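The values are calculated or read from the model by the stated rules, or taken from the named source; none is laboratory data. Note that the structure is predicted; figures quoted are calculated from it, not measured. As a convention, Cβ positions derive from the backbone with ideal geometry for all residues, glycine included, and neighbour counts pool all protein chains shown. Surface accessibility is based on the protein's heavy atoms, side chains included, excluding ligands, DNA and RNA. Shrake-Rupley method; radii C 1.70, N 1.55, O 1.52, S 1.80 Å.
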Amino acid sequence: MHKSLLLVLSFLLYNLSLIGQIPFEKQPQDYWSIKNDQSISWNLNGETRLPHQGNIEMAGKNIAGIIYYEVNEKKELTISR
C-alpha cells in the first residue's frame with residue numbers, strides 16, 4: 001500500500017513540476033550582464049523593452065544600500081535611493 005501511494009505521489013509531483021516550465025527560447029532575457037571586472041552593465045543600444053524600472057540591492061562591510069532606477073522610452077535614466 002505504501003509503495004503504491006509513494007509511486008503515485010512521485011508521479012504527480014514530477015508531472016506538476018513540468019507544468020510551470022517555459023521553453024528556453026521563450027524565457028525572458030536578462031537586462032543586465034556582469035562583466036569580467038565584476039561590474040554590472042546594461043547596453044541600451046537596440047533595447048526594445050522600455051520603459052523599465054527596478055532596483056539594485058548592494059551590501060558591503062558596514063554599508064548597504066538600495067538604488068531605485070527607471071529608464072523611460074527615450075532612454076533617459078532616473079536614479080534614487
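Summary table below
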read-out	value
Number of the exception - Asn36 against (1) of a type in the set (S, T, N, Q); (2) at pLDDT below 90; (3) loosely packed, with under 10 Cβ neighbours inside 10 Å	(2)
Pair list, Cβ < 9 Å and 6+ apart or interchain, from the stretch 45-56 residues that are within 19 Å of Ile67 (Cα to Cα) to residues that are open to solvent by 70 Å² or more (accessible area, probe 1.4 Å) and aromatic (Phe, Trp, Tyr)	Gln53/Tyr68; Gly54/Tyr68; Asn55/Tyr68; Ile56/Trp32; Ile56/Tyr68
Filtered residue count, the stretch 63-81, keeping only those that are within 17 Å of the chain's Cα centre (by Cα) and open to solvent by 90 Å² or more (accessible area, probe 1.4 Å)	1
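Here is a yes/no grid of residues against (1) of a type in the set (Ser, Thr, Tyr); (2) modelled with pLDDT of 85 or more; (3) under 16 Å from the mean Cα position of the chain (by Cα):
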residue: Leu5; (1), (2), (3): no, no, no
residue: Leu12; (1), (2), (3): no, no, no
residue: Glu25; (1), (2), (3): no, no, yes
residue: Glu47; (1), (2), (3): no, yes, no
residue: Glu57; (1), (2), (3): no, yes, yes
residue: Lys61; (1), (2), (3): no, yes, no
